[in-house]
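Peer 1: Would you mind keeping the following structure in view while I ask a few things?
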Amino acid sequence: MNWRAPRWSSTLSADVTSDRNSAGQVAPFDFGRFEVLSFDCYGTLIDWETGILRGLREVLANGEPVDDDDLLAEFARAEAAAEAGPYRRYREILGRAIRDVGRGLGIEPTGEQVAAFADSVGDWPAFPDSAAALARLSSRFRLAVITNCDDDLFARSQARLQVAFDWVITAQQVGSYKPNPRNFEYAFEKIGLPRARILHVAQSLFHDHVPAKKLGMTTVWINRRHDRPGSGATPPAEAAPDLTFPDMATFANAATSEVG
């Protein structure tokens, strides 16, 4: 079946977008100019903070007391440092991160605990709205995912999302981790369309919006932490996404609403 780009636009409400004209009014956003939606996975579609905290708490139960936000911030620092070095599989990145966090709290995780935490990615839950939103969006767009993960771990997450992405780009395939622009450039090559036809959708300003905007992409921020302070499991960063939504359900509704 031949796939055709959608021909429609949507006017978005002020509480879900920063896309305003010079008069301060919300301007219509033409979703029809995009053929492909590219997604970050963890933090956007998969509730990785719930999964990370569950795994860290199991290992660090006997360490110094620390609240969830501080623990996520320590993980964000340790993971980003590991990903910035020479490429290693994501399982090893997670192993290094939990050892780093543990040592800071006076805990030395065992090899078995490290392996269990690294494997837990496949058990991290999908956000309740992700599967339905992706199914709805797939009726209008082709879908890609650009994820900082290993092939086998992501395959388990994809099963939770109940969608077949048209393109799957993992860090393992590229040999680097976002925010390295190589991950996006590899995706451009695989997708084979001008980046102006690709709308990138992600939660992490640090991993996704900063590099995507530098590469000239239009981006949508799924601000899952809109009702909480801090940046959670991602390092703090500043970026200017083109649109902002609090969740995938709200985004999917806007992106698939036809205006007469």
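Please treat every number below as a calculation from the coordinates, not as lab data. This one's a predicted model, so the numbers in the text were calculated from it and none came from an experiment. Here the Cβ positions follow ideal geometry from the backbone for every residue, glycine too, while neighbour counts run over all protein chains shown.
Peer 1: What are the principal axis extents of the Cα atoms in the chain, in Å, biggest first?
Peer 2: That gives 60, 39, 31 Å along the principal axes, largest extent first.
Peer 1: In nm, to one decimal, how far is the modelled label at ASP67 from the one at ASP129, with both set 7 Å along Cα→Cβ?
Peer 2: 2.6 nm
Peer 1: Give me the net charge of ALA126's neighbourhood, meaning all other residues with Cβ under 14 Å from the Cβ of ALA126; Lys, Arg count +1, Asp, Glu -1.
Peer 2: Cβ neighbours under 14 Å give a net charge of -3.
Peer 1: Run the reach check for LYS213 against aspartates and glutamates, Cα to Cα strictly under 14 Å, same-chain hits fewer than 8 apart removed. What comes back?
Peer 2: Filter leaves GLU185, GLU238, ASP242.
Peer 1: Moving on to the next point. Contact order normalised by length for segment 53-123, with contacts defined as Cα pairs under 8 Å and 6 or more residues apart; what percent is it?
Peer 2: Relative contact order for segment 53-123 comes out at 38 percent.
Peer 1: May I ask for the distance between the Cα centers of segment 174-215 and segment 216-260, given as a whole number of Å?
Peer 2: 16 Å
Peer 1: Still on this structure, please answer the following. What Kirkwood Rh does segment 97-168 have if only Cα atoms enter the pairwise 1/r average? Answer in Å. Don't skip to the answer; put the middle values down first.
Peer 2: Details: mean 1/r = 0.0701 Å⁻¹.
When all Cα pairs of segment 97-168 are included, the Kirkwood radius is 14.3 Å.
Peer 1: Further question on the same structure: Per 0.36 nm of contour for each residue apart, how much would the distance between ALA249 and ALA164 grow if the chain were fully extended, relative to their Cα-Cα spacing?
Peer 2: Contour length minus Cα-Cα distance gives 28.8 nm.
Peer 1: Right, next: Taking 25 Å as R0, compute the FRET efficiency from the Cβ-Cβ separation of GLU108 and PHE188 and round it to 0.05.
Peer 2: 0.05
Peer 1: Another one. Relative contact order (percent) for the chain, with alpha-carbon contacts under 8 angstrom and 6 or more residues of separation? Let's see the in-between values first.
Peer 2: Values: 459 pairs, mean separation 67.8, N = 260.
Over the chain, the number comes to 26 percent.
Peer 1: Suppose the chain between ALA196 and SER139 were pulled fully straight at 0.36 nm per residue; how much longer would it get relative to their current alpha carbon spacing?
Peer 2: Working it through step by step, the gained length comes to 18.5 nm.
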